[in-house]
Amino acid sequence: MEVIIKNSYQEISSLAAGYLLNTVKNKENAVLGLPTGSTPLEMYKIVVNEYKKNNISFKNIKTFNLDEYIGLNKTDKNSYYFFMEKNLFSHIDINWANINIPNGMTSSIESECLNYENKIKKAGFIDILFLGIGKNGHIGFNEPAEYFEPHTHEVKLHQNTININSRFFNKIEDVPKKAITMGIKTILSAKKIVLIAAGSSKAEAISKTISGKIDPRLPASILQLHNNITILLDNEAAENIKDYNFLKVGCL
């Protein structure tokens, strides 16, 4: 596990964008795993700006998003499909047939989850997967639970997650109660993982992720088992980390 602590959200976003851009430059048909939410917004802005300046191409890149709300059409402004189109895909030369996001309007969630898993396997698994982390330690929409759900699955969102995500909706009643998300085994199958966290609200979850016991009640703790993970933190997100002795700490 590599932990890199920088002074600001802007700095860690720049580093994250660097990982993404270098992956694309080094492998023209790379498979990217992508998140939504507030955390990756600056990373996407930097990627778009670099694409416009440096003539990098995404034509042969495949993407798989971590999750999607159940019950939201892709044209809904709060769907993750809409989010990705607005913040990344409409600004680069990606082949839209290579974009993969769970279908939250599917008539068969079970089939959609199985098909999503099969698509990831057929693509050769994910070369680099970017993650955020929830205040309760969720990754993707894998919420605290009694056990780790391995594969892409339907999940009932915790009220805490609903409350936090309600800032994107007109009222809390509009927030979907369920989602489709990559499972833990699916996430760990990625060849490289980059987790980004900023702000003191993430500090407790981050400290437990790095040094706590592996526990499905803090899903991100399972990332300790991955052999190629980098965690990018600003100073506030790192404020509860006490012991660096067992970590490879970057100060780039």
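The values are calculated or read from the model by the stated rules, or taken from the named source; none is laboratory data. Quick caveat, the model's predicted, so the values are computed rather than measured. Counting neighbours? That spans all protein chains shown, and the Cβs are built from the backbone with ideal geometry, glycine included. Ligands, DNA and RNA are excluded from the accessible area calculation, which covers all protein heavy atoms including side chains. Shrake-Rupley method; radii C 1.70, N 1.55, O 1.52, S 1.80 Å.
Residues of the stretch 1-81: accessible area per residue at 1.4 Å, in Å²?
Result: 44 Å² per residue.
Where does each of 154, 2, 68 land when they are ordered by accessible area, with a 1.4 Å probe and the largest first?
Solvent-accessible surface, decreasing: 154, 2, 68.
Taking a cut-off of 14 Å between Cα atoms, list the aspartates and glutamates near residue 202, but don't count ones fewer than 8 places away on the same chain.
234, 236, 239
Quantify, in whole percent, the carbon and sulfur part of the accessible surface of the chain (1.4 Å probe; protein heavy atoms only). Kindly include the intermediate steps, with their values, before the conclusion.
On the way: 5590 of 11830 Å².
Carbon with sulfur: 47 percent of the solvent-accessible area.
Net charge within 14 Å of residue 204 by Cβ-Cβ distance, Lys/Arg positive one each and Asp/Glu negative one each, not counting residue 204 itself?
Local charge sum for residue 204: +2.
Please provide three numbers in whole Å: the alpha-carbon extents of the stretch 2-251 along the principal axes, with the largest listed first.
Result for the stretch 2-251: principal-axis Cα extents of 48, 44, 35 Å.
Just to make sure I understand: if all protein chains stay in place, what is the order of 27, 74 by accessible area at 1.4 Å, largest first?
Correct descending sequence by accessible area is 74, 27.
Over all alpha-carbon pairs of the stretch 57-130, lay out the pair-distance distribution in 5 Å bins, whole %, shortest bin first.
Histogram of Cα-Cα distances, whole percents per bin: 3, 15, 25, 26, 20, 10, 1.
For an R0 of 25 angstrom, estimate the FRET efficiency from the Cβ-Cβ distance between residue 14 and residue 60 and round to the nearest 0.05. Please report the intermediate quantities before stating the final value.
Working: r = 25 Å, r/R0 = 0.99.
Taking R0 as 25 Å, the efficiency between residue 14 and residue 60 is 0.50.
Mean projection of the alpha-carbon convex hull of the stretch 1-78 over all orientations, in nm²?
Across all orientations, the stretch 1-78 yields a mean hull projection of 6.8 nm².
Evaluate the stretch 105-252: find the radius of gyration of its Cα atoms, find its Kirkwood radius, and give the ratio Rg to Rh.
For the stretch 105-252, the value is 0.98.
Run the numbers for residue 240 and residue 214: contour at 0.36 nm per residue of separation, minus the present Cα-Cα distance, in nm.
7.6 nm
Grab the beta carbon distance between residue 171 and residue 111, set R0 = 41 Å, and tell me the FRET efficiency rounded to 0.05. Write out the running numbers ahead of the final one.
On the way: r = 32 Å, r/R0 = 0.78.
Result of the calculation: an efficiency of 0.80.
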